[in-house]
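The values are calculated or read from the model by the stated rules, or taken from the named source; none is laboratory data. Since we're looking at a predicted model, the values are computed, not measured. Here the Cβ positions follow ideal geometry from the backbone for every residue, glycine too, while neighbour counts run over all protein chains shown.
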């Protein structure tokens, strides 16, 4: 069926949609070409109905939330994105001892809801700029906290448009991974249930305050960025192939950021060691594609995404493709 018929069916269901959306205005990283059709449901019911409509029209689509982990390509046009940001309800049920969050609810909002009800286990999720659906998809976390430690069950919308209840143990959640991310399980996380165990509000507040400060200290926040590019330390991986680099980088990072002999509260700036890394390993680029805070975070300084892709390729080659990429490069469809 032509696209106009699809839009008409969505409109009849009351599901908001728009056409020819510029990804540079929509995406977190401010990159990408255009979206021919952007579908933006506002309830789980609309999300469910939208999937059913797309199935009936045999229309390929990609599900996105905040897009805070997605690299859209500048020269690419994307057929259809189903955005979950508007499906963001969240509630705490003290009687049943759980928090229920819809797929588009934000992780910082989840952590703050837990704080307000003195619930522990969510402090490390503070500051992660993602949604519940994306967090379950990749088992998001930080500072020793992760989704799998508090998740109890989910409601999944299958590719056929059916609702399916799944226990957390069925999702194969591992460090920044799941069966959903591997593609071995298909579907859209519609809702998630989290165990709400009581904790000490003062301790939770203190942890959240610390983690918030650390996140802004160690990660870029002035330029559009996608958080950590690879799982683990790129500096450590590069050090495995170059003894001189390993010694110099260990001394620099240790003295500055582990033992903190030269700085304590100031934001991290690794420009010196980053410049040394670029020169030592002959990294090539026109406009620096990474943050001064870490070579393990892409930033958008106005360069074309081809430069980001080339930088990723260079790092992968240098590290022998041993590092797992956290960001998703979204290919056109």
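Results, tabulated for the structure shown:
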read-out: Qualifying position, being exposed (fewer than 13 other Cβ atoms within 10 Å of the Cβ) and either assigned to a loop (DSSP other than H, G, I, E, B) or at pLDDT below 95 (or both), among 262, 285; value: 262
read-out: Failed item in (1) under 29 Å from residue 8 (Cα atoms); (2) surrounded by 21 or more Cβ atoms within 10 Å (Cβ to Cβ); (3) under 22 Å from the mean Cα position of the chain (by Cα); (4) outside the structural domain of residue 197 (by TED's automatic domain parsing), with residue 134 passing the rest; value: (4)
read-out: Residue count, region 145-170 (criterion: closer than 26 Å to residue 205 by Cβ and touching a helix residue (DSSP H, G or I) at 6+ places or on another chain (Cβ under 6 Å)); value: 4
read-out: Residues being assigned to a loop (DSSP other than H, G, I, E, B), surrounded by fewer than 24 Cβ atoms within 10 Å (Cβ to Cβ) and either assigned by TED's automatic domain parsing to the domain that holds residue 29 or touching a helix residue (DSSP H, G or I) at 6+ places or on another chain (Cβ under 9 Å) (or both) - total across region 97-127; value: 4
read-out: Output for region 314-332, where each listed residue is outside any loop (DSSP other than H, G, I, E, B), more than 17 Å from the chain's Cα centre (by Cα) and surrounded by 11 or more Cβ atoms within 10 Å (Cβ to Cβ); value: 314, 315, 316, 318
read-out: Filter pass, residue 173 being touching a residue at least 24 places away in the same chain (Cβ under 8 Å), over 25 Å from residue 327 (Cα atoms) and either in the same structural domain as residue 323 (by TED's automatic domain parsing) or in contact with a helix residue (DSSP H, G or I) (Cβ under 8 Å, 6 or more places away or on another chain) (or both); value: no
